[in-house]
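Data first, discussion second: the structure below is written as structure tokens.
The values are calculated or read from the model by the stated rules, or taken from the named source; none is laboratory data. Everything numeric here is computed off the predicted structure, so don't read it as measured data. With ideal geometry, Cβ positions are generated from the backbone for all residues, glycine too; neighbour counts draw on all protein chains shown.
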Amino acid sequence: MTGRPNDLGGMVLDAVADDYEEFNMVVSQIAEWTKNSASNPAIDQIELALMNSIADRDIQAYEYSESSCRYLAVEADPASIRTRWFYITEQGKRRLLEPTVLTALTREPIDAEGLVAAAKRGEDGAVVVFDGVVRNHTRGRQTLYLDYEAYEEMAGKQMAELAADARKMFGVRHVTMVHRLGRLEVGETSVLIVVASAHRAQAFEACRWLIDTLKQTVPIWKKETFVDGAVWAAGEPFPAGMAVAPPEGSDEP
Amino acid sequence: MITMQVRVLPFGVLKDWLGASASTIVLPKGATVAELLAQVGSSDPTRGDLLRGIAVSVNAEYAPATQVLREGDEVGLLPPVSGGISNPSIDSLTPLAGGSAR
């Protein structure tokens with residue numbers, strides 16, 4: 001795939017997609033392409049011309065009514081594969097498209113109801129929600145509050161990758177994954193995962209995979225404060241091959 | 001000996017030991033992640049067990065013990081993570097009969 005500069009200082013790609021499958025292929029090519037473009041930091045915007053049919057259908061899928069859209073633009077950070085999607089109207093205005101992956105770390109209370117409602121679209125047959133809540137006890141000790149901290153730069157990247165992976169692996173339409181940081185009281189939402197899909201089986205599987213994988217690999221830690229003291233939660237062992245030092249009792253070097 | 005400096009970021013329980021902020025560590029040029037860990041662990045052998053089972057990131061990506069470090073790298077020392085829902089802490093729980101999921 002080659003590009004040519006546009007007058008906005010970005011890059012125009014002459015890719016054409018006839019159907020949704022091709023469209024997805026172009027998107028993953030772009031992701032790969034931007035990832036490999038670190039040597040060319042000037043590339044910060046990609047425009048992707050689409051056939052009218054696919055553009056119209058996609059825009060409708062996202063409930064944007066402007067039928068004048070003929071281009072999608074991807075704003076890509078060359079250092080990562082995270083992208084923000086825009087479409088460009090005939091008047092040349094850029095409009096943000098509803099992302100199909102939404103991931104975030106936040107210090108504000110998570111608006112679970114709002115995020116679930118925002119994830120739903122007409123073509124979805126199922127929305128599966130995992131709402132992780134701070135419970136009032138751990139092993140018989142009464143919890144007062146939890147403090148979550150993250151290696152934010154890395155955790156944000158990991159969550160975006162997990163969400164994108166889940167979409168690819170399970171074929172679901174949309175993933176929201178938001179994790180709260182800072183001090184949380186009992187009953188508050190610590191993590192919210194919303195998966196929207198045409199079919200429930202994929203949505204359930206993707207949601208389960210996302211919370212399990214997040215708990216094992218996303219660099220977030222919590223300190224629990226009980227009525228009688230505080231302790232860093234022990235955490236789950238990393239998946240095989242990820243830990244650099246063997247756990248206690250292992251014979252590995 | 002030619003040396004290099006890397007920034008070390010401890011997280012979670014390791015902050016209680018190594019301090020809450022990043023520190024700069026001097027290593028021989030070409031040192032690996034494993035050699036960095038050995039040096040950190042040798043500063044207080046009584047607490048070296050805290051390094052067991054951890055993962056390491058180099059510039060915010062998970063890295064193997066064999067990875068060679070470079071001048072200015074940012075190295076995260078990551079204890080087993082505990083994000084998401086409340087999971088068992090302090091001790092591990094015995095699974096319920098029938099292998100109920102947590």
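Points worth noting:
- Residue match in the range A:211-231 (condition: over 15 Å from the mean Cα position of the chain (by Cα), in a loop (DSSP other than H, G, I, E, B), at the interface with chain B (Cβ under 10 Å from one of its Cβ atoms) and under 19 Å from A:Arg135 (Cα atoms)): no
- Filter pass, A:Ile220 being more than 17 Å from A:Ala112 (Cβ to Cβ) and either of a type in the set (A, V, I, L, M, F, W, C) or not assigned by TED's automatic domain parsing to the domain that holds A:Val134 (or both): yes
- Annotation note: of A:Val116, A:Val128, the sole residue that is in the same structural domain as A:His199 (by TED's automatic domain parsing) and part of a strand (DSSP E or B) is A:Val128.
- Residue satisfying condition, being over 14 Å from the mean Cα position of the chain (by Cα) and within 22 Å of B:Pro79 (Cα to Cα), within set A:Ala201, A:Ala150, A:Ala155, A:Ala160: A:Ala150
- Criterion applied to B:Gln39, B:Gln67 was being of a type in the set (S, T, N, Q), touching a helix residue (DSSP H, G or I) at 6+ places or on another chain (Cβ under 8 Å) and surrounded by 14 or more Cβ atoms within 10 Å (Cβ to Cβ), and the one residue passing it is B:Gln67.
- For the range A:154-187, the tally of residues that are away from chain B (no Cβ under 11 Å), more than 20 Å from B:Ala60 (Cβ to Cβ) and not hydrophobic (A, V, I, L, M, F, W, C) stands at 10.
- Matching residues, the range A:224-236, being of a type outside the set (Asp, Glu) and farther than 22 Å from A:Ile193 by Cα: A:Thr225, A:Phe226, A:Val227, A:Gly229, A:Ala230, A:Val231, A:Trp232, A:Ala234
Each row is one residue, and each column tells you yes or no for (1) within 11 Å of the chain's Cα centre (by Cα); (2) at the interface with another protein chain (Cβ under 7 Å from one of its Cβ atoms); (3) at pLDDT below 85.
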| site | (1), (2), (3) |
| --- | --- |
| B:Leu69 | no, no, no |
| B:Leu77 | yes, no, no |
| B:Ile90 | no, yes, yes |
| B:Gly98 | no, no, yes |
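- Test result for A:Arg139, of a type outside the set (Ser, Thr, Tyr), surrounded by fewer than 21 Cβ atoms within 10 Å (Cβ to Cβ), at pLDDT below 95 and over 17 Å from the mean Cα position of the chain (by Cα): yes
- Search result, residues across the range A:185-201 that are surrounded by fewer than 20 Cβ atoms within 10 Å (Cβ to Cβ) and either more than 20 Å from B:Val81 (Cβ to Cβ) or of a type in the set (A, V, I, L, M) (or both): A:Glu185, A:Val186, A:Gly187, A:Ala198, A:His199, A:Arg200, A:Ala201
- Among the candidates A:Gly182, A:Gly241, A:Gly187, the residue that is on the phi > 0 side of the Ramachandran plot and at pLDDT 95 or above is uniquely A:Gly182.
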